[in-house]
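For reference, the structure discussed in these notes is given below.
Only the coordinates and a few stated rules stand behind these numbers; no lab work does. What you see is a predicted model, and the numbers here were worked out from it, not measured in a lab. Glycine gets a Cβ as well: all are built from the backbone with ideal geometry, and neighbour counts include every protein chain shown.
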Amino acid sequence: MRLGLTRSVTTVAAIAMLMSATCLPNGAWSEVGAEPGTSRLYMFPQNDTDRLDVHVFVPYRSEVPGLAHYVEHLAWHSATKDWVRQGLGRTGAWANAHTMHYWISARNGNVDELVGTIRGVFKPIALSERFALTEREIILREYRQREIENPLNQLLEETNVELYSGNPVAVPVLGNPKDIEALDLSQARKLHSDTHLVSSAAFLVYGNVSESAALRALGMMGLQANAGDAAAIRRPKIGPFSSERIVVHLADDDPASHVLWRRVVRLKEETPYEVLASRAGLLGLILRANRPGGLAKALQFDQAVARSLRLWLHVIDDQHVELSFQGHPDQGVTLPELVEAFERALVQTARSGIPRKTHEKVVGQHVRQWPDWEDEAEVSKYMKALAIERLSEWRQPPDVETVRNLHGQLELSKIDGLLRQLSGDGRTVVAFIGREGAAEGALQP
């Protein structure tokens with residue numbers, strides 16, 4: 001169980017680095033939204049299903065920890081309480097650092113009825129103060145459940161504060177209990193009215209429905225546009241910040257001390273997002289592999305310094321990538337020794353390059369994620385899931401041809417080049433998680 005009592009921060013060897021960005025005066029990301037009267041509609045027809053899904057994505061910015069998550073809860077309840085009570089289908093909502101996402105689904109659903117229900121998220125929140133307080137208690141229980149079942153999410157939120165300092169993504173989506181208890185209905189209504197604008201949202205429709213029927217239903221919300229004229233998503237860019245090495249100690253009464261290491265790097269040149277994301281996905285598979293060139297092999301088996309290891313890459317935009325690693329040290333290995341071994345293995349692997357046989361083998365695994373391009377139903381399902389993922393992060397979803405052409409963008413030289421840059425300078429946060437003294441000496445420059 002996390003204690004959250006001790007938070008020691010040391011900044012080590014600061015290196016000035018500015019990231020290209022469109023940035024508002026207060027450090028917020030650039031403005032998002034579409035011109036009035038335009039729509040963002042993404043259609044995924046599926047004739048072999050009797051289910052109809054409608055998704056709504058609302059971009060937002062907030063400096064208040066947990067507030068967007070609270071708004072999402074209240075707006076969803078306000079819009080769908082009758083639908084849920086009558087058991088007419090399935091519905092849900094969630095929030096992340098970029099959007100509030102609402103969805104509704106029904107078998108043999110009528111698109112007018114589904115859109116007519118989910119459009120309620122754009123109406124003023126019609127809930128009592130008593131209901132809002134009860135929902136706040138539910139969010140507190142959600143926090144405690146997540147703390148137990150998925151503590152990594154909590155660690156990521158806490159270290160975002162250091163890694164993305166000065167950018168809205170550093171604001172915790174869920175917040176801590178103190179943040180949650182401070183939320184109130186008037187705050188929520190203000191953020192809701194500022195963000196829940198039909199002209200700023202994106203819509204996705206999936207199922208056995210025609211484009212004309214979907215557009216007619218969306219017209220109920222005042223949208224006058226064709227799907228082909230959907231306004232482009234303007235992805236906010238990360239704001240400028242200095243590159244530093246920051247060491248954090250987070251107190252935890254769990255005797256199994258561990259480390260979370262995160263680094264965000266500005267690449268030398270921009271690469272189209274989908275290409276960069278595919279290369280990063282392949283590199284992540286390689287580094288996790290028990291093969292020559294894999295860090296899992298080096299740390300868990302060759303050197304026996306890590307009892308467990310999780311490693312992943314996250315592409316932020318066309319020029320910024322985050323590399324993260326979470327590990328528990330093997331018996332007799334300290335947390336600082338584990339970090340030193342990881343960083344040394346990362347640099348050595350980048351210098352020597354990924355073995356060609358490893359690259360060829362893992363590319364075969366990587367491309368199996370893609371659908372059979374000759375199967376229209378399978379392609380539609382895949383592209384729908386990908387579009388939901390991209391819209392949730394307020395990115396422009398790719399078209400089919402873009403994804404089909406990614407296979408030719410995975411050359412070994414490109415993967416090696418990405419790895420070399422990730423092993424170099426960047427903004428790095430090292431979080432030692434454990435009891436007091438677990439990382440003794442680690443906070444010294």
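Among the listed pairs 81/190; 297/357; 357/384, a Cα-Cα separation exceeding 27 Å is found for 357/384.
Please work out whether the stretch 243-434 counts as rounded, prolate or oblate from its C-alpha gyration tensor, where a ≥ b ≥ c are the square roots of the eigenvalues and a/c under 1.5 means rounded, while otherwise a/b larger than b/c means prolate and anything else oblate? Here the stretch 243-434 falls in the prolate category. Proximity of backbone amide H atoms, modeled 1.01 Å from N, is registered between residue 307 and 328, 330 at under 5 Å, excluding neighbours fewer than 5 places apart on the same chain. Net length available on complete extension from residue 112 to residue 368 is 88.4 nm, with 0.36 nm assigned per residue and the Cα-Cα distance removed.
Summing charges over neighbours of residue 292, with a neighbour being any other residue whose Cβ is under 11 Å away from its Cβ, gives +4 when K and R count +1 and D and E count -1. Summing Cβ point charges (Lys, Arg +1; Asp, Glu -1) relative to the Cα centre of the stretch 243-434 gives a dipole of roughly 580 debye.
Over all pairs of different C-alpha atoms in the stretch 34-229, the reciprocal of the mean inverse distance, the Kirkwood hydrodynamic radius, equals 17.7 Å. Taking other residues whose beta carbon is less than 15 angstrom from the beta carbon of residue 90, and scoring Lys, Arg as +1 and Asp, Glu as -1, yields 0. Taking other C-beta atoms within 10 angstrom as a stand-in for reagent exposure, 54, 333 fall in the order 333, 54, fewest first.
Shape of the stretch 249-316 from the C-alpha gyration tensor: oblate (a/c of 1.5 or more and a/b not above b/c, with a ≥ b ≥ c the square roots of its eigenvalues). Neighbour counts of other Cβ atoms within 10 Å put 83, 373 in the fewest-to-most order 373, 83. Give a quick list of GluC sites (Glu not before Pro) in the stretch 244-327 that DSSP marks as loop, anything other than H, G, I, E or B, with at most 11 other Cβ atoms within 10 Å. When the GluC sites (Glu not before Pro) of the stretch 244-327 are filtered for loop state and at most 11 Cβ neighbours within 10 Å, 269 remain. When the charge dipole of the stretch 325-370 is built from unit charges on Cβ atoms (+1 for Lys and Arg, -1 for Asp and Glu) and taken about the Cα centre, the candidate among 342, 363, 353 whose Cα reaches farthest toward its positive end is 363. Taking the number of Cβ atoms within 10 Å of each Cβ as an exposure proxy, the fewest-first ranking of 384, 237 is 237, 384. The share of Cα pairs per 5 Å bin across the stretch 108-217, counted from zero up to the longest distance, runs 2, 9, 14, 14, 15, 16, 14, 10, 6, 1 percent. Modelled label positions at residue 51 and residue 140, each set 7 Å beyond Cα in the direction of Cβ, lie 3.5 nm from each other. Fully extending the segment from residue 193 to residue 84, taken as 0.36 nm per residue of separation minus the present Cα-Cα distance, adds 36.9 nm.
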